[in-house]
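Each remark here refers to the structure printed beneath this line.
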Amino acid sequence: MVERINTSKFMQAASQQQQNMLKVGQIMYGKIIQIFPNDMAEIMLNGRKMTAQLNTPLSIGDKRYFQVTDNRDVPQLKIFGDKATGQTGLDAANILQTLGMQPGKMNKAFLVYLMQQGVTFTKTQLRNALQLYSTVEDKTQARQIISAMITRSLPMTRDVYQALQTKSEHSLTSVLQSFLTELENSDSPKALIKELLFLGSRLLKDNHVSTAPLLTEQLSSRTEQLQRMVALLMQREMPEAVQTSRISIEKHVDAIFQSMTASVKSTSALIEYISTNKTGIQKESAQFVNRWEAVIYKAFANEQTLPEPVVQLFQKQVDRLMATVIGTSCKQRTESNSLTKMVGFLVFAKGLQHNDLFSMVSYEYTKTMNKNVSLQNQFLQHVTQVLNSLGIEHEYTVAHQETPTAMAATIKSLVLQLMQSTDSLGKDSAEKLLQYINGMQLDSVQEVNNQLFTSLQIPGGRLGLPQDMELRIAGKKRPDGKIDKEFCHILFYLHLTALQETVVDMHVQKRSVRITVFNNHKHLPSIAERLKPKLAEELKSRDYHLSSIHFKMLTQREKALQRNSDENNSPFLQAKGVDFRI
């Protein structure tokens, strides 16, 4: 069984590079290697040699704790506290006393851990860390998580701690499934619950959810899928003034969906058309709403009958809207005395301006087409769907969205709504899911010295995997903010049914691919040799060159792990991996 990483060592390792960028106020252990004129010295600081200026003359071989006073050009350091004794307990007590903090047993134990792990810190970080540490019951786990928070300069808050803790203790599938099960066992008719069930269940394997799915293969009958679409549109788009006729309007909106499928040759063709013509459909629907919203709602509120010429113009523009939506003629009769039907068209048109409807249709299209889609594309589609559905960029979207009402609903945004409601349904499991997503956000991307480090956990069920999989990618940052695909490093940490524990370490440099496979199966090299020509051919078709494939025992990787931890702090060689069975 592959060891589960407790606090995302991948991201911790990336933060080690960040730690090497000295910050004013940081306290760290160092040894004098060489003395130069003008109080300059070569010092081994946190496993890295660097030249710095000292405020006090020292001798070669002296071991002291230093504090950074200036990090511009040549770093300037001052001696911090008494001379290092080499006994971490005594040194920890010395540091705490120098900082004006109590050198009690708990505080010393935590600081000793930081010193043993080579974690540097400022006075403020240590004070806040000790305060948080004192409130956590499991001290062993707390030391690991809080030290990671220090190295990554994360806010020292309970919320951040719980997010990292939840992500370290659970898988995305288990947390999400627990939440969905609680919702499914309720009889709540709320559209919010239905939407959460829809977004969550489509990320998991089909049989992970109940036998009453929210999606169907066909949209041609009044199914749960149509009911859900209608319910969401009614909840969002129907103003209070027309609530008295909600049932009648809902029937008209339902009839629109029914007529859409009746007007095309096949459901799959309709799904494909809608999913690939989002921009044009939303533009046409916006023009329709701007032209008719005030007119129709005013007439409805005053119980007025619209003149026949106005009704005819409305009918003409309805036909145009429907033709744009489905790509063919779709006649919809509108009588002058049927204002409820007109309101139904407005509700439908306004719904088209939201991304949710297109997300649903796109999912159906993906489901329909997956039978003929390569595994590679299915994988990419699944990753995209996870990113879009979970709400990894929720805060950024909220801050930059010009029209918040047009934001696509995500699991995170809906869970936040659920937790703010008076209904207690699913709130405990919702809080855990929210903490997990927050943990994913914290672990998702780091940038250090123009390098991007990315970590993402993906439910494996829809790809036929019984365990979640984790992606780890690092590479140079391009001017457009993306990872340079010509210079990157990808780690696959797998647990395969036949081959058992397997690590695939892939380096890409100038589109040349070097692969090292770590596995204890003695026949693996001969088996893989037959697949090598196919791999080289596929890479060549994508303008990449396979330079080499090497096979090593897992014990050799452990040695490389130890060797590289002091040399370059590779986030990949330090990572332990996750369970992943194929």
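Things worth noting here:
- Members of Lys482/Lys510; Lys190/Lys350; Lys49/Lys123 lying beyond 18 Å, as alpha-carbon distances in this model show: Lys190/Lys350; Lys49/Lys123
- Pair Ser421, Asp480: separation of 7 Å Cα→Cβ label points (nm): 4.1 nm
- Between Lys190 and Glu393, full extension at 0.36 nm per residue minus the direct alpha carbon distance yields a gain of 70.5 nm.
- Pairwise label distance in nanometres, Ser174 with His550, each label 7 Å out on the Cα-Cβ vector: 3.6 nm
- Estimated at 0.36 nm per residue, the fully extended path between Val74 and Lys532 surpasses their Cα-Cα distance by 159.9 nm.
- Counting 0.36 nm for each residue step from Gln87 to Asn302 and taking away their Cα separation leaves a gain of 68.9 nm.
- Relative contact order, whole percent, for region 13-140 stands at 22, derived from Cα pairs under 8 Å and 6 or more residues apart.
- Accessible area of region 67-188 belonging to carbon and sulfur atoms, whole % at 1.4 Å probe: 44 percent
- Inter-probe distance in nm under a simple model that places probes 7 Å from Cα toward Cβ, at Thr384 and Met44: 5.1 nm
- Summing charges over all other residues whose Cβ lies under 13 Å from the Cβ of Gln376, with Lys and Arg as +1 and Asp and Glu as -1, gives 0.
- Greater than 28 Å apart at Cα, pairs in Lys283/Lys476; Lys278/Lys341; Lys23/Lys485; Lys194/Lys341: Lys283/Lys476; Lys23/Lys485
- Per residue value of the accessible surface for region 106-160 (all protein chains in place, 1.4 Å probe), Å²: 43 Å²
The values are calculated or read from the model by the stated rules, or taken from the named source; none is laboratory data. Just so we're clear, the structure is a prediction, and the values are computed from it rather than from any experiment. Counting neighbours? That spans all protein chains shown, and the Cβs are built from the backbone with ideal geometry, glycine included. Please note that ligands, DNA and RNA were not included when accessible areas were found on the heavy atoms of the full protein model with its side chains. Shrake-Rupley method; radii C 1.70, N 1.55, O 1.52, S 1.80 Å.
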